[in-house]
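Worksheet for the structure shown next.
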Amino acid sequence: MRHYGIIGYPLLHSFSARYFNEKFATEKIEAEYSLYPVKVEGLKSKVERLLDSLDGFNVTLPYKQAIIPFLERLDETAEAIGAVNVVYQRVGYNTDCLGFMDSVQPLLREYDRQALVLGTGGASKAVCYGLRKLGITPTLVSRTPKEGMLGYNELTDEVMARHTIIVNCTPLGMLPEVDTCPPIPYEMISARHLLFDCVYNPEETLFLKKGKAQGATIRNGIEMLYGQAKAAWKIWNS
């Protein structure tokens, strides 16, 4: 019996356990996938136990960067991104970028050249990497911006018009906090915009609803989720 799982906090609505356990059953593989919710103060001891006891595991919010010091090395993509969402044999990988690129690429228009990426965590790092690979320049937006970033109060009409892609990499709008959304000027969004939300539960977040009401193209994170999971499966079963 092989053992896999996911570490993060909280893990209230994890897609991964259902997806991988169903896949193990379909492929007739003797394996199980479990949830390992852990608060930050218990991270070190939990990660050390998982590295010793699991054949592989996923990493989600808020540990995609915090996991790195516990690993022996990163693959080339995870190294470039600076975030990990898959671990196998003490090596860190990032498949989020592949899932994102595959999901967003069919929606891109000729004029899409710049993107606003909301949030600065592990997901945003993967999204920025993917956008650059697609020839699009990302700009990070943060509540506490550092050099090279924008604050939400700096999203002027000119900035919003120039950045025709907006990607939410924050947990705002995720169940159960469905009445929250990033504080961007939604009235400045137009039909030229593409709004992508890495959140997949609920299917249509408040961020996406507000964009849709302005005529924007919208997409949630479910295809990204499936894409990164398929890539993780290949790593674990290569």
> How many of the residues in the range 64-102 are part of a helix (DSSP H, G or I) and free of Cβ contacts under 8 Å to residues at least 24 places away in the same chain?
Replying inline: 4
>> Against the conditions (1) farther than 30 Å from Lys23 by Cα; (2) out of contact with any Gly (no Cβ under 8 Å at 6 or more places or on another chain); (3) loosely packed, with under 15 Cβ neighbours inside 10 Å, where does Gly211 fall short? Just the number, please.
In response: (3)
> Picking from Tyr186, Tyr200, which residue would you name as being at pLDDT below 95 and in contact with a helix residue (DSSP H, G or I) (Cβ under 6 Å, 6 or more places away or on another chain)?
Replying inline: Tyr200
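The values are calculated or read from the model by the stated rules, or taken from the named source; none is laboratory data. Keep in mind the model is a prediction, meaning the values are calculated, not measured. Positions of Cβ are generated from backbone atoms using ideal geometry, with glycine treated the same way; all protein chains shown enter the neighbour counts.
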